[in-house]
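These notes concern the structure reproduced below.
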Amino acid sequence: MLAHYLNQNLIFGVVGGIGLLLFGMKTMSEGLQKVAGDRMRKVLASLTSNRLVGSLVGLGLAAVIQSSSATTVMVVGFVNAGLMTLVQAIGVILGANIGTTVTAQLIAFKIGKLALPAIGLGVGLKFFAHRKSWAYLGEIFLGFGLLFLGLEVLQGAFEPFKGSSEFREMLLAVGDHHLLGVLIGTVITLIVQSSSATIGITIALASSGLLSFEASIALILGENIGATITANLAAVGTNLAARRTAFVHFFFNVVGVGYMLLFFSQFMHFIDSVTPGAADFVIQTQQQAVSLGGELGDKPFIARHIANTHTLFNLVNTLVFLPLVGWLARLATLLIRGHDTDPGASLRFIDHRVLNTPTVALAQARAEIRHMAQLTLEMLKETILFLRDQEEKRLPILEEKELAVDLLQKEITDFLVALGQKSISLKTSQEIVSLMQMASDLERIGDHCQNLWRLGQRQRDQRIRFSGGARGELEEMAGHCQEFLSFVVAALDRGDRTILERAEELENLVDGLEGKLRNNHIRRLNTGECGVMPGLIFIDLIHNYEKVADHTFKVAAALVGRN
């Protein structure tokens, strides 16, 4: 009976093997992401709308970091941050589906004997290397070793099942009912959150002689659907473009599985014809076991068949849908309708779920800083208009923007603090400091805008009138502050780090103007042209304008890396 085989050793072997497999995949993927670092951001930032280029980039990234889910989550993050269009994202994800199949191809090589040396080398580099780049390389070796050790443990754990006719019949049902196999593959991948890990489990089962090639194909097709669930979960709470990107990933994998099921026999025979050896050949003699490097009952050729199935399915699916990228984008727009709301008080870009991918997290933080800077500029412009016309209707708008800037400063800072606690490079750490400084100074500009409009309210309520000369001077001061902040915000949008000289000129201009206006004010007081009460408000106004310029300069300095 099947229950006879479900002993403690088997359960521990399966659970421990899957645990080692998942932890190995995660460690290797994170190490690869750290090594790739800013290169991934630069590659993605250089993308054009060329769908072929996008697919090749996606293929390369997924091949490097060995996780289509991580690549897709990254792409959804870039779309959410406005750094990538829907059409570009679709091309990248199509390529990523091919790139991630490299894992299956590696697993199909019989290199399990290298697992322990890889773990030893990885631990040595990770804990004893002085350079971070060597420590990251250690993580890659450690993850690689754990991955293959997990596969070895799994295959050993499945050995008792070889004598179970009930278990074999259950797995034969998967081969006879392809939809059932697709469903099981989807559910398993959804549970373990890694298609590569699920494929590793499939290869372990099949190589032990417990799974037919036909059943393996059905499971592989299901695993490709399950892999899209991660991206859709990552897209929850993001903007429309990001949700559409995740939906397209799900859509073309489901459609691809659909037409592969229709041509299942032809696809299976094609894989069999291009892959050496018979997929369901079973080692039956000791001589075969020695020559093929397996054990009695093993299937020595099926691992490569499964790996090729995974690769060719995604390759064919990409070739089918690549010419239809524009159509896919229109379909996603049609099915997922709506318009992104634009409430200034809410976060637009940052998402705490991407903190484990510092490249994406930094891109989102930069985008949120640009959003905050634009909001601050709008507040300054609205403040200047209120001081000019003193229209009551402007005050609720100003108060809303001021609250929004305060919220953004807090949320951005919390996000960057959390990112700083991750394992990050020195360069990333320095950029986090610069971004936190920008958020703080933008919030201070908002505070001085609030001081300005409250002084305007006081002037209006007390019916205070400035002389013609004072009004002209305030307009001049306001104009220079607005010009300065507009210049820095535009530089933020462009990522321009050559602005410091011009920023110093503008800051010195405002500082010099404040001193000049103070002297003019004293002269008007002496001649009786200006009263004491208007004079006090005038001095406070030009002081706050000068503070706006001070903090604007600090934003410029942080942008160029001079904190």
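The values are calculated or read from the model by the stated rules, or taken from the named source; none is laboratory data. Just so it is clear, the structure is predicted and the values come from calculations on it, not from any experiment. All Cβ positions, even for glycine, are placed from backbone atoms using ideal geometry, and neighbour counts span all protein chains on display. Note: accessible area is taken over every heavy atom of the protein model, side chains too, but ligands, DNA and RNA are not part of it. Shrake-Rupley method; radii C 1.70, N 1.55, O 1.52, S 1.80 Å.
With the charge dipole of the range 372-530 set up from +1 on Lys and Arg Cβ and -1 on Asp and Glu Cβ about the Cα centre, the Cα lying farthest toward the positive end among the listed residues F415, L506, G479 is that of G479.
Run down the lysines and flag those whose C-alpha is under 17 Å from the C-alpha of K26, throwing out any fewer than 8 positions away in its chain. Within the straight-line cut-off, K26 pairs with K34, K126, K422.
Rounded, prolate or oblate, given the Cα gyration tensor of the range 405-563, with a/c below 1.5 counting as rounded? Verdict is prolate for the range 405-563. In this structure, the amide hydrogen of V560, modeled 1.01 Å from its nitrogen in the peptide plane, lies closer than 5 angstrom to no residue at least 5 positions away or on a different chain. Bridgeable lysines around K299 (alpha carbons under 16 Å apart, same-chain partners fewer than 8 residues away excluded): K110, K162. Summary value for the range 468-563: 45 percent relative contact order, contacts being C-alpha pairs under 8 angstrom separated by 6+ residues. Taking all protein chains together and a 1.4 Å probe, the residues D406, D461 rank D461, D406 from largest to smallest accessible area. Computed 3J(HN,Hα) for the range 429-437, one whole-Hz value per residue from the Karplus formula 6.51 cos²θ - 1.76 cosθ + 1.60 where θ = phi - 60°, is 4, 5, 5, 4, 4, 4, 5, 5, 5, glycine and proline marked x. Computed from phi, the 3J(HN,Hα) profile of the range 453-463 under the Karplus parametrisation 6.51, -1.76, 1.60 (θ = phi - 60°) reads 6, 5, 5, x, 4, 4, 4, 5, 5, 8, 6 Hz, with x in place of Gly and Pro. Take every Cα pair under 8 Å whose residues are at least 6 apart in sequence, average their separation, divide by the length of the range 348-456, and the relative contact order is 38 percent. Coupling constants for the range 397-412 follow from the phi torsions by the Karplus curve (6.51 cos²θ - 1.76 cosθ + 1.60, θ = phi - 60°), and in residue order they are 5, 5, 5, 5, 5, 5, 5, 4, 5, 4, 4, 4, 4, 5, 5, 5 Hz; glycine and proline get x.
Straight-line cross-link reach from K401 at under 17 Å between alpha-carbon atoms covers these lysines, not counting any fewer than eight positions away in the same chain: K381, K393, K410. In the context of the full set of protein chains, residues of the range 435-548 present 47 Å² of accessible surface per residue (probe radius 1.4 Å, heavy atoms only). Computed over the Cα atoms of the range 465-526, pair by distinct pair, the Kirkwood hydrodynamic radius stands at 13.1 angstrom.
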